[in-house]
Amino acid sequence: MAIKDLPREELMHPGAGSCPACVDLLALRMTLKALGPKTVLVSPASCTASVACGYPKSPFGVPVLTMAFAAGGAAASGVVAALNRLGEDDVNVVVWAGDGGTYDIGLQSMSGAMERGTNYIFVCYNNEIYSNTGVQRSGATPFGAWTTTSWKGKVEQRKDMPAIMLAHRLPYVATASASYIEDLYRKVQKARTIKGPKYLEFHIPCAPGWRFPMERTIEMGRLAVETGAWALFEAENGKVEFNLRSKQILDGKVSRRPIEEYLEPQGRFAHLFRPERDEEALAGIRRFIDGEWDRYHQLATCGIAVG
Ligand SMILES: Cc1ncc(C[n+]2csc(CCOP(=O)(O)OP(=O)(O)O)c2C)c(N)n1
Ligand code: SF4
């Protein structure tokens, strides 16, 4: 679907108290367009929750349950159980959590809800940091990135949460990016039609947290995909298919752009380039991304059995 054909109805209204150019809220606005008004949002502590709970100025046109940081999956289980009791079987229940609320503190309640087969969509908007509390590292922060708790650059690699979700044998797992909004919209629409637990993860460049000019936000998301730092794929019943540019890279039709094109414009990686280039760290990042693409080849060939 082209952007001009998206539904006109807005379920997120102007005046939201996020940073200017925040694509977390762009992705959420598009998600609500794809799901429609019969949707309940569960929002664990995060930037989104801060925007949601500024009563009476909440911008959302759907009910929002702001929730304790760790409890996204558990709260969604409760909402789904209540709706079932009421006989309401056409309401979308969506957790909208940051990477902190997904990869780290929210992991056990999300994993439990997935394992119980809860009929809901868990969206991780991954800005690769705890942004709401001032840019701390998370399990999704990439190697080498500056944060206030990794001020010499993070020394660990990020977790692979989509793979952890694939190992839960979910009927639908997909990654997307706020910079490829039609693809993101399509994946939300697909998740809506599938019964059971669905996991979506959206790549969300964050200008203040990653330290780049806000007008480059969409470009930064595209560079992540074009350099292979972020991959777009979806897995229905364990069968993995890569999408758009990521598919072209996987099929060998285009090459990945040099990773430096993505890293260098971001202040969080400035120490890798100035006062002089840290060739060892950059080579480590290149090796890691190469390894990720070797695994993507295997995933696309073998998939994950669901049963
Ligand atoms: C148990 C608990 N610890 C810490 C906090 C403080 N806190 C609120 S939001 C937040 C960061 C959330 O990070 P993330 O989930 O990545 O979302 P983002 O802020 O990036 O939108 C933290 C640490 C909290 N609310 N509850
Ligand atoms: S800190 Fe980042 S994720 Fe949070 S509101 Fe600002 S731009 Fe959005």
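The values are calculated or read from the model by the stated rules, or taken from the named source; none is laboratory data. What you see is a predicted model, and the numbers here were worked out from it, not measured in a lab. Backbone-built Cβ (ideal geometry, glycine too); neighbour counts: all protein chains shown. In case anyone asks, the SASA skips ligands and DNA or RNA and just uses the protein heavy atoms, side chains included. Shrake-Rupley method; radii C 1.70, N 1.55, O 1.52, S 1.80 Å.
Rg to Rh ratio, the stretch 162-307, alpha-carbon atoms and Kirkwood radius?
Across the stretch 162-307, the Cα-based Rg/Rh ratio is 1.00.
Which distance in nm do the two modelled labels at Ala68 and Val254 give, with both placed 7 Å along the Cα-to-Cβ direction?
4.6 nm
Where a Cα-Cα gap under 12 Å defines reach, which aspartates and glutamates qualify for Lys38, not counting those fewer than 8 residues away within the same chain?
Glu88, Asp89, Asp90
Please enumerate, by chain and number, the lysines with C-alpha under 27 Å from the C-alpha of Lys154, excluding those fewer than 8 residues away in the same chain.
Partners within reach: none.
All other residues with a Cβ under 10 Å from the Cβ of Glu260 taken together, and with Lys, Arg as +1 and Asp, Glu as -1, what is their net charge?
+1
Extending each Cα 7 Å along its Cβ direction at Thr149 and His13, get the distance between those two points in nm, one decimal.
Between Thr149 and His13, the label points sit 3.6 nm apart.
What is the distance in Å between the Cα centroid of the stretch 46-94 and that of the stretch 132-202?
Their Cα centres are 20 Å away from one another.
Alpha carbon centre of the stretch 3-24 versus the stretch 204-261: separation in Å?
22 Å
Report P(r) for the stretch 208-287: all Cα-Cα distances, bin width 5 Å, range 0 to the bin holding the largest distance, values in whole percent.
Answer for the stretch 208-287: a P(r) of 3, 14, 21, 20, 17, 13, 8, 3, 1, 0 percent.
Rounded to the nearest percent, how much of the accessible area of the chain (1.4 Å probe, protein heavy atoms only) is carbon and sulfur?
Percent of accessible area from carbon and sulfur atoms in the chain: 55.
Starting with the highest mean, order 204-212, 133-141 by the number of other Cβ atoms within 10 Å, averaged over the residues of each peptide.
204-212, 133-141
Taking Lys198 as the anchor, which lysines have their alpha carbon closer than 16 Å to its alpha carbon, excluding any fewer than eight residues away along the same chain?
Hits, sequence-local ones excluded: Lys187, Lys190, Lys239.
With θ set to phi - 60° and the Karplus curve 6.51 cos²θ - 1.76 cosθ + 1.60, what are the ³J(HN,Hα) couplings of the stretch 48-61 in order, to the nearest whole Hz, using x for Gly and Pro?
4, 4, 4, 5, 6, 9, x, 3, x, 9, 4, x, 8, x
Quick one: which of 1-10, 92-101 comes out on top by average Cβ neighbours within 10 Å, and what's the full order, highest first?
Ranked by mean Cβ neighbours within 10 Å, highest first: 92-101, 1-10.
Can you tell me the accessible area per residue over the chain, all protein chains present, probe 1.4 angstrom, in square angstrom?
Result: 44 Å² per residue.
Write down, largest first, the equivalent ellipsoid semi-axes of the chain in whole Å, where each equals the square root of 5 times an eigenvalue of the alpha-carbon gyration tensor.
Square roots of five times the eigenvalues give 30, 22, 18 Å.
When DSSP assigns beta bridges and you keep just the ones with both residues in the stretch 3-302, what percent turn out antiparallel, to the nearest 5?
Once the DSSP bridges in the stretch 3-302 are tallied, antiparallel ones form about 30 percent.
Let me have the 222 nm mean residue ellipticity of the chain computed from DSSP H runs of 4+ only, each contributing -39500 (n - 2.57), with the sum over all residues rounded to the nearest 500.
Mean residue ellipticity at 222 nm (helix-derived): -10500 deg cm²/dmol.
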